[in-house]
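Here the structure comes first, spelled out in structure tokens, and everything after it is commentary.
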Amino acid sequence: MTTETLLYLEDVSVSFDGFKALNNLNLDVGSNEMRAVIGPNGAGKTTMMDVITGKTRPDEGRVSFRDHALTSMDEVAIANIGIGRKFQKPTVFESHSVWDNLELAMTANRSTFASLYWKLTADQRDNIQSTLERINLVPSSQNLAGSLSHGQKQWLEIGMLLMQQPELLLVDEPVAGMTDAETEKTAALLRDIAKGSAVVVVEHDMDFIRALDVRVTVLHEGSVLAEGSLDSVQNNQRVIEVYLGR
Amino acid sequence: MSAQSFMPLLGRAGFIFLALLTVVGIGVPTLNLFTTPGSLLHVPDYVVTLGGKYLCYALLALSVDLVWGYCGILSLGHGAFFALGGYAMGMYMMRQIGARGVYGNAELPDFMVFLNWKTLPWYWHGFEYFPFAILLVVLAPGVLAFVFGWFAFRSRVTGVYLSIITQAMTYALLLAFFRNDMGFGGNNGLTDFKDILGFPVQAAGTRAALFLLSALALGTCFIAARVIVNSKFGKIIIGIRDAESRTRFLGYRVEHFKLFIFVISAIMAGVAGALYVPQVGIINPSEFAPSNSIEAVIWAAFGGRGTLWGAALGAIVINAVKSYLTGALPNAWLFVLGGLAIVVTIYMPKGLAGLFAGWKTFPTMPKQAIDLGEAAE
Ligand SMILES: Nc1ncnc2c1ncn2[C@@H]1O[C@H](COP(=O)(O)OP(=O)(O)OP(=O)(O)O)[C@@H](O)[C@H]1O
Ligand SMILES: [Mg+2]
């Protein structure tokens, strides 16, 4: 299913005090493609997302999204052209209700003054309601996000991504801390989301990756070690060495 | 607006606060002016002046709470905005003195004559007009907050670093206003006021009116602040307080939101200062002292950060205790204040407001109680 390229990273390098977190990384993701990214701790997976979302500036290399050069944009501009992100550590607005979290994430005029006069329309209400259903949080709608379980927070954050309606979702370790049943639901949810947008998922849980059933990129020491189906990368000699050699 | 639509806007506690404020705001001046001294119901003049002062402090605390409690910006420089509003009002009242000063110079305030100045500096022009002075009450703190916030928030200065530079800001102004050649009366500041809008500042009627106006300003700013924090804007700044980077990755220009609320808050502090000066009869550079700004933060923390009415109440309670102690035990006050700051931080993270039932209707605080910095990135 090769479609046109949506996200393109070319020879991207990032170093922290001389340590190369990303080392000539190349990656491209097609529109409507779902991609799984795996790799040992410290491989640079999160750093890669930081670079794409404008949190970290690469020392070298190009990052483009459609015809935007992301390296010259900041986080806000990047978010507003359609890139949404779920953090490795679930990050929701703990002192807001689940509903308010979704409302804040919903696509709308982001200006200061617009937010002062903001009123929800009936359509937007329905939109929030249907997202609540998708992420299984209908009964918790009015609860504070801070009172949710770890897994529910992960879902809420995915729900917030949905409200943003991004073209590209970057999802960092969505099933960390989830039970097997929750993990399965999350995989189904992400597959469902991938029907409408491109998704890059970082995860360590191999059962989850298998359930996603998508192309896998293996990162190691800041660059791509292997790419292909999960079976092919799992049988790749270098990948086995990297994972066993630790 | 009907009472029904008022309740969710204000919250139960906020409604009670506003009701009490109305009773006090009308009751105190009435009982002062229309009862005979010595009668049981009479409110003495000094209580009116003292109470008016507390109301101004309450407004200052409310303005601090608006940025700190809701947006996580711990400003330790709000005293500067308060003082600027006060100076703008003071300049108006200086010009009203006219030829009644010691030197009888109709054009120049006494301190300028004393310095042998021949003409009024350009920045004193216009202050003979009340509306102009009111404009400056709003503009002086507003513009300073805008310029300061523009640079600080764009450069993403947060947490303790931001607090330190707000201290530096007010300290720099303290030093500047101390200088005689700045033209603001130097060390002595502005004083010996005669009247405001033609009413003698010392007169009981004027005092009562100023008290009423202070209550009105506090009530109006409280409602305005509640409207702001109840809107989506308010939810966004609470989001910034709790998870700034999350807000940014959702596509909100965090620095714009911070700037807006910071400027609004500074203006409220300026209005408080402008009402304060005619009631205390003097404004001098000591109002810029860094410790004043820190005290205002303690009021807000003591009363209950993130409730608005709690901050206002905190200011009133602490200052009432202060007035009592400085009379009864003059040396104890600083120890009491310091002790209070520690006790509140450790044992009463929700402040006085936390002691009252019904605080649950307000946005709850992040778990880490009173943190100096931002929530983790
Ligand atoms: N801001 C930073 N300053 C210094 N070093 C950093 C910074 N961010 C990341 N690193 C380092 O860069 C390397 C890559 O980190 P990164 O978080 O991208 O790994 P990861 O693949 O996401 O790992 P994990 O699976 O543990 O989440 C690590 O060695 C990390 O310590
Ligand atoms: Mg990571």
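Counting only protein heavy atoms and a probe of 1.4 Å, the accessible surface of chain B is 71% carbon and sulfur.
For the stretch B:225-278, what Kirkwood radius comes out of the mean inverse Cα-Cα distance, in Å? The partial results should precede the final answer.
Values: mean 1/r = 0.0820 Å⁻¹.
Roughly 12.2 Å, rounded to one decimal.
Each Lys and Arg adds +1 at its Cβ and each Asp and Glu adds -1 at its Cβ; summed about the Cα centre, the stretch A:5-244 shows a dipole of about 400 debye. Across the stretch B:147-228, counting alpha-carbon atoms alone, Rg and Dmax equal 18.8, 50 Å.
Residues with beta-carbon under 11 Å from that of A:VAL29, excluding A:VAL29: net charge, scoring Lys, Arg +1 and Asp, Glu -1?
Numbers: positive: A:ARG35, A:ARG215; negative: A:GLU4, A:ASP28, A:GLU33, A:GLU167.
Every neighbour counted, the sum reads -2.
On the protein heavy atoms, probe 1.4 angstrom, tell me the percent of accessible surface of chain A carried by carbon and sulfur. All intermediate terms of the calculation are to be shown ahead of the outcome.
Numbers: 5050 of 10750 Å².
Carbon and sulfur together cover 47 percent of it.
Using a Förster distance of 56 Å, how high is the FRET efficiency between A:GLN129 and A:TYR8, based on the Cβ-Cβ distance and rounded to 0.05? Using R0 = 56 Å, I get an efficiency of 0.95. Summarising the amide proton neighbourhood of A:ALA226: residues at separation of 5 or more, or on other chains, whose placed amide H is nearer than 5 Å comprise A:VAL218.
Let me know the Kirkwood hydrodynamic radius for the stretch B:295-345, please, with Cα pairs as the basis and the value in Å to one decimal.
On the way: mean 1/r = 0.0922 Å⁻¹.
Evaluated over the stretch B:295-345, this radius sits at 10.8 Å.
For chain A, the longest principal axis of the alpha carbon atoms and the long axis of helix A:180-193 meet at an angle near 80°. The residues of the stretch A:5-244 present an accessible area of 42 Å² per residue when probed at 1.4 Å with all protein chains retained.
Normalise the Debye intensity by I(0) for the protein assembly as shown, one equal point scatterer per Cα, no solvent, then take log10 at q = 0.07, 0.11 Å⁻¹ and round to two decimals. Log10 I(q)/I(0), no solvent term: -0.54, -1.04. Accessible-area loss of 50 Å² or more (1.4 Å probe, protein heavy atoms, chain alone versus all protein chains) is found in the stretch B:231-254 for B:LYS232, B:LYS235, B:ARG246, B:PHE249, B:LEU250, B:GLY251, B:TYR252, B:ARG253. The 3J(HN,Hα) values that the Karplus relation (6.51, -1.76, 1.60; θ = phi - 60°) gives for the stretch A:233-241 are, in residue order, 6, 5, 9, 6, 4, 5, 5, 4, 4 Hz. Gly and Pro appear as x. Per residue, the accessible area of the stretch B:246-357 comes to 34 Å² when a 1.4 Å probe rolls over the protein heavy atoms.
Calculate I(q)/I(0) for the stretch A:5-244 by the Debye formula, one identical point scatterer on each C-alpha and no solvent, and give its log10 at q = 0.08 Å⁻¹ to two decimals. Evaluating at q = 0.08 Å⁻¹ gives log10 I(q)/I(0) of -0.30.
The A-B contact accounts for approximately 2800 Å² of buried accessible area, totalled over both chains at a 1.4 Å probe radius.
Please work out the C-alpha center-to-center distance from the stretch A:12-61 to the stretch A:94-114 and express it in whole Å. Rounded to whole Å, the Cα centres lie 29 Å apart.
Ordered from highest to lowest accessible area with the whole protein assembly present and a 1.4 Å probe, A:ASP231, A:ASP192, A:ASP213 read as A:ASP213, A:ASP231, A:ASP192. Amide H to amide H, with H built 1.01 Å from N, A:GLU60 comes under 5 Å of A:SER13, counting only residues 5 or more places away or on other chains.
Once you have the alpha carbon radius of gyration of the stretch B:39-91, what is it after dividing by 2.2 N^0.38 Å, with N set to its residue count? It would help to have the intermediate numbers written out before the result.
Working: Rg = 15.1 Å, N = 53, 2.2 N^0.38 = 9.9 Å.
So the Cα radius of gyration is 1.51 times the expected 2.2 N^0.38 Å.
The calculated pair-distance distribution of the stretch B:3-375 uses every alpha carbon pair, bins of 20 angstrom beginning at 0, and gives 29, 57, 14, 0 percent. Extents of the stretch A:120-192, taken as max minus min of Cα coordinates on every principal axis and listed largest first, are 37, 29, 17 Å. Note on A:LYS20: aspartates and glutamates with a C-alpha under 20 Å away, same-chain residues under 8 apart excluded, are A:GLU10, A:ASP11, A:ASP50, A:ASP59, A:GLU60, A:GLU221. The tail of the calculated P(r) for the stretch B:53-212, taken as Cα-Cα distances beyond 24 Å, holds 42 percent of the pairs.
With an 8 Å cut-off on Cα pairs and a minimum separation of 6 or more residues, tell me the relative contact order of chain A in percent.
Working: 450 pairs, mean separation 66.0, N = 246.
Across chain A, relative contact order equals 27 percent.
From the alpha carbon centroid of the stretch B:270-348 to that of the stretch B:103-143 is 30 Å.
Report the relative contact order of chain B, percent, no decimals, based on alpha-carbon pairs under 8 angstrom and at least 6 residues apart. Please list the in-between numbers first.
Details: 598 pairs, mean separation 116.7, N = 377.
Once normalised by length, the contact order is 31 percent.
Based on DSSP H assignment, which helices of chain B show an axial Cα extent of at least 18 Å together with a mean Kyte-Doolittle hydropathy greater than or equal to -0.5? Length and hydropathy pass: B:3-33, B:45-71, B:78-97, B:130-154, B:159-178, B:204-230, B:254-280, B:290-303, B:309-328, B:333-347.
At a threshold of 10 Å², the residues of the stretch A:117-143 that become less accessible to a 1.4 Å probe in the full protein assembly than in their chain on its own are A:TRP118.
From the cross-link list A:LYS45/A:LYS185; A:LYS86/A:LYS153; B:LYS53/B:LYS258, which pairs have alpha carbons spaced over 19 Å apart? Could the numbers behind the result be given before it?
Details: A:LYS45/A:LYS185 23 Å; A:LYS86/A:LYS153 11 Å; B:LYS53/B:LYS258 29 Å.
Over 19 Å apart, Cα to Cα: A:LYS45/A:LYS185; B:LYS53/B:LYS258.
The values are calculated or read from the model by the stated rules, or taken from the named source; none is laboratory data. Note that the structure is a prediction, hence the values are computed from the model and not measured. A quick note on method: Cβ atoms are made from the backbone with ideal geometry, for glycine too, and the neighbour counts reach across all protein chains shown. Surface areas here come from the heavy atoms of the whole protein model, side chains and all, with no ligands, DNA or RNA. Shrake-Rupley method; radii C 1.70, N 1.55, O 1.52, S 1.80 Å.
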